[in-house]
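Beneath this line is the structure, given in structure tokens, with notes to follow.
FYI, it's all coordinate maths here, none of it is from the lab. A quick note: this is a predicted structure, and the numbers were derived from the prediction, not measured. Every residue, glycine among them, receives a Cβ derived from its backbone with ideal geometry; neighbour counts consider all protein chains shown.
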Amino acid sequence: MTTVCLRDIDLAYNGTPVLNDVNLTIEAGQFCVFIGPSGCGKSTLLRLIAGLETLTRGEILIDGVRVNDTPPAARQLAMVFQSYALYPHMSVRDNMAFGLTRQKLPKDVIARRVADAARILQLEPLLDRKPGALSGGQRQRAAIGRAIVKQPKVFLFDEPLSNLDAALRSQTRIELAKLHRELGSASMIYVTHDQVEAMTLADQIVLLRPHAGQGLPSIAQVGRPLDLYHHPVNLFAAGFIGSPRMNFLPGHVVCADAGAVGATVLGQPCRALVDGSGLATGAAITVGIRPEHIEVGDGPWQGRITHIEALGEHGYLHLMLGDGATTMVAKTGLEELRIGQTVRLTLPEAALHVFDADGHAQRRLQPRRHAAA
Amino acid sequence: MFHSDPRRWRLPRGASIAAFSFLLPALLLIGVFTLIPIVYALFLSVQKMDLISGHHRFIGLANLRYLAEDDKFWAACHNTLRYVSMVVPLQTAIALILACVLNGRIRFKRVFVTLLFLPTLTSSAALTMIFMWLFNNAGVLVRLLQNTLGITINFLGDPAWALGIIMLMNIFSTVPGLMVVYLAGLQAIPPALYEAAMLDGAGPIRRHWEISVPQLTPITCYVMTMGVIGCFQLFDQAFILSGGDGGPDNATLTFTLLIYHFAFKNYNTMGLACALAVVLTLIILCATVLLNRFVRPDGVNA
Amino acid sequence: MSTPTLRRPASSGLLLYGFLGCYSLLTLAPFAWAILTSLKSTREIASGTTLLPASPTLDAYRILLHSELDTWLLNSFTVAISVTVLNVLFNTMAGYALARYRFRGRQLLFQVLMLLVMVPGQVTMIPAFQIVARLGLVDTHLSLILTSGVSITYIFMMRQFFINFPTEIEEAAILDGCSPLASFFRIVLPMARPALVTQAVFVFMGVWNEFMKPLLFISSVDLYLLPQGLNAVARQFAKSSSWNLIMAGSLLSVMPVLLLYVTLNRHFINLNDQSSGLK
């Protein structure tokens, strides 16, 4: 059972920092997803683990052994590339066998492994075809097959589903989850920009933020999917996870203690069930609430509907608040609502997130006690 | 997929060794047979060298002075200028027109291109001989002219015509290659541009003039540069047509032929040959730079 | 997305075909005349009155092939194939290294090569002759092979090719445990086949048709390459009006390259039919 450990890793390219202060442990057998906006360095981090990039500072340890100087092929990893990177002039069988022949394994071992992988991925009828004669989904399975036969300690996936169409993507997502369960002991590190993939596949999510030279660590938050959803530790995480995005409102602390925070937000009084110890009276804060937690119909807040997105059973209202500048998005069932109408809103105190002036989140208490949207 | 950007791709240690071993054979051959000769040419260009004794002495710019006063040098200049001014525009224009025609809805494209490629595939020697026979005093064209128009032209022996024959030969043999370059360029132009022009009422010639020509300007620049460089390097046809002496009356004397004369006809003008070679290189470099500055567009590609 | 086919009047189509047809005929005319000449007898040519051969004969070809021509053909083949192999291998390796590996001095090397490629070949030939003489290689085929062994133009072409080629497949090979050398020969070269074919055809053609360099470097008649040999015998044949022989020789020299071109040109001349729409 393999652990991958990244310590104090910096990576700069030609003086431009790409990764900063990365510290991460990926436990044995875990499905770990790297997610973040483009340019955050998630693919670079993956390639760093693979040995295809060189770090500026820090250590990579696999099973406690420092592998900074170990060549990629000796790290016992397998990688599935975004473009699959199958050898175009070789058949699927030869593609899968190539790495094993490089390792000088006996022919019967190779044949057996290839057959096993082909069976798991239903590649048997395609073994003698060349990649050019395969569909996108088939090529992807062949690329996964090439990884499986190496029996690696860690699988690396670089946005493997991004080249597939939507229907195939959801199907393959499920198959990947099944594969992870079947292969049991191997860890999987998976890079994606798609939140749905991250939330549904991951045991652990690593959220990376783009490095704008600000000196902040590249990793914004690490945790289980629902932890990132319910307890984002900073503004960036709160704003990234969840679609549509969380609404952010500026405000000031009126009173704060370990059990609640009272604040004035856009002139309205507001109470959040968060641990406010550490917040001074009058301090500037940002209050966050997800669209799906706003209660539309009654309440002290009001907003004018500027746009409606109807999605079937529910829809999203785009609202302009009283001050004429702040906008919000709220999820609603489809009552008879029209653009231009004013609706009243409740922001349940258990559903609010509070962030201090540095963007750090205050710990939420009883996050699940709000009316289901 | 910026991480696929090969400029960002770095290999683990040992890559430098691999890089150099890959480069070594090429660098070795280039070093010995291109770089050193150039340096040697520069050195010899300021020497007077006797090939028999191997003795050489430094004479500074005397070689250049000799060239400036040499009739043959100026004859070569005149010939080359005449040649470039006719051949480059003609071959560029014909190649462009052919490419535009071929890019349209023509069937049997490959057949046409193959047919047209014949002169390009033929060695300059063979092509020269074929043309020499064609324009021979006892040949078909001369006889035709005599019978129909009653005039006799000694194509190969008349200084006024000899260079013209070479020009004709060269245009035939270079046009197909340039045409293919233009074809590739034309295929990169989005068809939507032509359709928009058509909707605006532009006829085919106007469309090509307003769209193809401007879009192809970088390629035209390249084609003309290559054309000029090629013209300055003319040797084979001049040598074979004139039997090696650049006649008749220095009418087919090119720079390279003159260099050859200096290098091998006499035993003590090797330095002169190298001086002329250096001058030739400088002229080509200047022409290239000038042409790039003159024809360079201000970013036309949509 | 397919391009809707533009409907143009039929007359413009005829005009285009007409133009192409005329130019093609113009191009082929000298060759047609050469073919006709080569099928005539020497006496016919001397009398010089007929257009078509009275009784076509292959005598010219027969005479030529029994002369030194077959030696020269062999020489040309040997040199051309050797040079092609060396070029394709070394140019590709160098282009690959320039495109993929980052090493100190890479930019400098690239700029030096750019400078060198601008120097015309004729200019370096004369002093190269001196060096070849000093190496004792004058009048050998080796001198031709070595001096033409690499071509900076094609190094640049391969460099451009590799720059535009995604690196992921080579990275997969690294992860599979391939050394750079093994990866180059087993993965990169097979993928570069179209570029290699292009190179091979043009290099072969260049060597086959080259005149000046063999003229300088080779002086023994039995070591002549084809263009040189043709030129040498052309003078004597011209005096005796044996133009049929000269034409036969010229045409024979075109055959191999023509064959090569016809069989392989689909690899390097891309004639996308615009009207079919798919890009």
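For segment C:124-141, the residues whose backbone nitrogen is under 16 Å from a point 7 Å from the Cα of C:ASP222, taken along Cα to Cβ, are C:139-141.
Give A:LYS130/A:LYS150; A:LYS42/A:LYS107; A:LYS42/A:LYS153 a once-over and call out the pairs whose C-alpha atoms are over 29 Å from each other. Over 29 Å Cα-Cα: A:LYS42/A:LYS107.
In chain B, Cα pairs under 8 Å separated by at least six residues give a relative contact order of 28 percent. Taking a ≥ b ≥ c as the square roots of the eigenvalues of the alpha carbon gyration tensor, segment B:70-295 is oblate, as a/c is not under 1.5 and a/b does not beat b/c.
Using C-alpha pairs below 8 Å separated by at least 6 residues, the relative contact order for segment A:219-322 is 19 percent. Each Lys or Arg adds one and each Asp or Glu subtracts one; over the other residues with Cβ under 15 Å from the Cβ of C:GLY21, this totals +2. Inter-label distance, A:ARG338 to C:ILE163: 6.2 nm, where each label sits 7 Å from its Cα along the C-beta direction.
Here A:ASP21 and A:ARG363 are evaluated by their C-beta separation; at R0 = 25 Å the FRET efficiency comes out at 0.60. Straight Cα distances below 20 angstrom link C:LYS239 to the lysines C:LYS40, with same-chain residues fewer than 8 positions distant left out. Kindly work out what percent of the DSSP beta bridges joining two residues of segment A:4-238 are antiparallel, to the nearest 5. Rounded to the nearest five, the antiparallel share is 50 percent. The ranking of A:ASP203, B:ASP200 from fewest to most other beta carbons within 10 Å of each one's beta carbon is B:ASP200, A:ASP203. A Förster radius of 35 Å combined with the Cβ-Cβ distance from A:ALA177 to A:ILE308 puts the calculated FRET efficiency at roughly 0.50. Checking every one of the trypsin sites (Lys or Arg not before Pro) in segment C:88-167 against DSSP loop status and a limit of 14 other Cβ atoms within 10 Å picks out C:ARG104. Measuring nothing but how far apart in sequence close Cα pairs (under 8 Å, 6+ apart) lie, relative to its length, chain C scores a relative contact order of 36 percent. Straight Cα distances below 19 angstrom link B:LYS48 to the aspartates and glutamates B:GLU69, B:ASP70, with same-chain residues fewer than 8 positions distant left out. By the rule of a C-alpha distance below 20 Å, with chain neighbours fewer than 8 residues away ignored, the lysines paired with C:LYS213 are B:LYS265.
May I ask for the distance between the Cα centers of segment A:42-121 and segment A:129-189, given as a whole number of Å? The distance from the Cα centre of segment A:42-121 to that of segment A:129-189 comes to 13 Å.
Each residue, C:MET255 and B:ALA93, gets one label point 7 Å from its Cα in the Cβ direction; the gap between the two is 4.0 nm. Peptide C:158-171 has a mean shielding of 4, counted as Cβ atoms of other protein chains within 10 Å of each residue's Cβ. Shown here for segment A:294-329: GluC sites (Glu not before Pro) in loop regions (DSSP other than H, G, I, E, B) with at most 13 other Cβ atoms within 10 Å, namely A:GLU313. Placing a label point 7 Å from the Cα of B:ARG82 along the Cα-to-Cβ direction, the residues of segment B:211-235 whose backbone N falls under 18 Å from that point are B:231-235. The distance separating the Cα centre of segment C:173-220 from that of segment B:269-292 comes to 30 Å.
On the beta carbon distance between B:ARG107 and C:ALA29, with R0 = 25 Å, the FRET formula returns roughly 0.60. Could you state the number of Å between the C-alpha centres of segment B:30-98 and segment C:52-80? For segment C:52-80 versus segment B:30-98, the Cα centre distance is 36 Å.
Between A:THR327 and B:ILE229, the simple label model (points 7 Å from Cα in the Cβ direction) yields a spacing of 5.5 nm.
Note on C:17-24: average number of Cβ atoms from other chains within 10 Å of each residue's Cβ is 5. Residues whose amide H lies under 5 Å from that of A:ILE285, counting only those 5 or more places away or on a different chain, are A:GLY251, A:HIS252, A:VAL253; hydrogens are built 1.01 Å from N in the peptide plane.
Checking every one of the trypsin sites (Lys or Arg not before Pro) in segment A:310-346 against DSSP loop status and a limit of 14 other Cβ atoms within 10 Å picks out A:ARG338. For the peptide C:82-93, the mean number of other protein chain Cβ atoms found within 10 angstrom of a residue's Cβ is 2. Neighbour counting of Cβ atoms within 10 Å sorts the residues A:VAL287, A:VAL65, fewest neighbours leading, into A:VAL65, A:VAL287. Taking a virtual spin label 7 Å from the Cα of A:VAL109 along the C-beta vector, which residues in segment A:1-40 bring their backbone nitrogen under 15 Å of it? Correct set: none at all.
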